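K.L.:
The structure that follows is given in the form of C-alpha cells.
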C-alpha cells in the first residue's frame, strides 16, 4: 500500500503542471461533475483530455471533443445508469486531470490552419507530434504505475498511438472500435497521423497484429486491407456485426478471460446518423445497442489497462456526439473488467 501511495504522489506531482484543471477548461466542469469528490490518491480511474485537431484530413472539430464530453457528462447526463441499476461513482472512483496544455506554438499552428483552410506543413506536424511523443507515454506510464486506469478523451485518433505504445510492454489485446482500419503507412506525406496509428503500432513491434481486434470496419483501401490480413489482425466488419453479431460476442468471451485489454474507441464506429460532428462519418455503422452487447461480452476476468475515446467533435452547439461518447464511457467503465 505504501509503495502505491508513493507512486501516486510522485505521479500527481509530475502531472499537475502539465494540465489545465477541468474547471478552467472550455467546458468549465470536471468529467461527470460527480457529487462525491475523489482525490487523485483515492482514484482508480483517471480521465485526461487531449484537445487536438492537427492532422485531420476532412471535417475538423476534434479539438473540442474533451469539451463536448465534459459538458454533456456534467450538465446533461445523469450518473445513474438505468440499465445497470447503479451510480457510476459507486462502481469506480474517477479523477479528472483536465486537458493537456498544448504549447502556444501548436495553438498558433491550428489557428493558422483554420484561416488558410489548409493542412499543416509537415514541419509543424512533426513539432506537435514530438511534443505528444514526449508527453503522453510518460503520463500513461505514471498513471499505470500508480495503479490508475488511464482514460484519454480526445481529440484525434493520432494521440491513441502514444498511449498504446506506453502500455505495449503489458502485451494487451487491443479492442479497436472504428469505421476505419487506420493502417495506412503514410497519408498525404505524413507518416504518423489520424489514419496511420495502427500500422505503426504493429510495424514498430509494439503490438502484434494477432493481438488487435478491429470492430465495425466499413471503409478501407486495398493496401490497408492487405496489411491487416498479412499481420493476422482479427476483423469483424460492420456487415458481420449486423448479420452475425453472436460470432463476435462468442469470440470475445473466448479470447478475453484473464487477459489484459486495451480499448481504443473511435466514435465513428457508430453509424453516421448518431455522430453528426465527427470528421469522417460513414454509413452502415453500428448502433448503441450493438455496441453495448459487445462491451458486455468481454469476460469479467479480463483487466482493462487503458482506454481512449477519440474523434469526438463539437460543431454548431450540437452535443449529440458528446452525449453518446459519455454514455459509451459510462457503460465501459461500469463493467467488472475495470478493476
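K.L.:
Taking N as the number of residues in the chain, what is its alpha-carbon radius of gyration divided by 2.2 N^0.38 Å?
P.N.:
Values: Rg = 18.5 Å, N = 339, 2.2 N^0.38 = 20.1 Å.
Normalised by 2.2 N^0.38 Å, the Cα Rg of the chain equals 0.92.
K.L.:
Let me ask something additional. Going by average Cβ density within 10 Å per residue, which order do the peptides 316-322, 48-54 take, highest to lowest? Intermediate results must be reported in sequence, preceding the final value.
P.N.:
Numbers: 316-322: 16.9, 48-54: 26.0.
Those peptides, ordered most packed to least, come out 48-54, 316-322.
K.L.:
Using the per-residue mean of other Cβ atoms lying within 10 Å as a proxy for protection, in what order, highest first, do the peptides 260-271, 229-240 fall?
P.N.:
Values: 260-271: 24.9, 229-240: 16.2.
The most tightly packed comes first, giving 260-271, 229-240.
K.L.:
Which order do 67, 87 fall in if you start with the one that has the fewest other Cβ atoms within 10 Å? Working shown, then result.
P.N.:
Numbers: 67 23, 87 15.
Fewest-to-most ranking of 67, 87: 87, 67.
K.L.:
For the chain, set up a Gaussian network in which alpha carbons nearer than 10 Å are linked by springs, and say which option among 177, 14, 289 fluctuates the most.
P.N.:
In the Gaussian network model the winner is 289.
K.L.:
Still on this structure: Shape of region 184-309 from its Cα gyration tensor (a ≥ b ≥ c, root eigenvalues): rounded if a/c is under 1.5, otherwise prolate when a/b > b/c, or oblate?
P.N.:
Numbers: a/c = 1.62, a/b = 1.15, b/c = 1.41.
Oblate, since a/c reaches 1.5 and b/c is not below a/b.
K.L.:
Rounded, prolate or oblate for region 167-238? Axes are the square roots of the Cα gyration tensor eigenvalues, ordered a ≥ b ≥ c, and the cut-off for rounded is a/c under 1.5.
P.N.:
Numbers: a/c = 1.64, a/b = 1.11, b/c = 1.48.
It comes out oblate by the Cα gyration axes.
K.L.:
A follow-up question, please. Among 35, 276, 150, which one shows the highest mean-square fluctuation when the chain is modelled as a Gaussian network with alpha-carbon springs under 10 Å?
P.N.:
Among 35, 276, 150, the largest mean-square fluctuation in the Gaussian network model of the chain belongs to 35.
K.L.:
Per DSSP helix of 4 or more residues, -39500 (n - 2.57); summed, then divided by the residues of the chain. What does that give at 222 nm, rounded to the nearest 500? Working shown, then result.
P.N.:
On the way: 11 runs with 134 residues, N = 339.
Taking each H run of at least 4 residues, the total per residue is -12500 deg cm²/dmol.
Read the figures in this text as sums done on the coordinates, not as results from a lab. If you're wondering where the values come from, they're calculated on a predicted model, not measured in any experiment. Here Cβ is always computed from backbone atoms with ideal geometry, including for glycine, and neighbour counts include all displayed protein chains.
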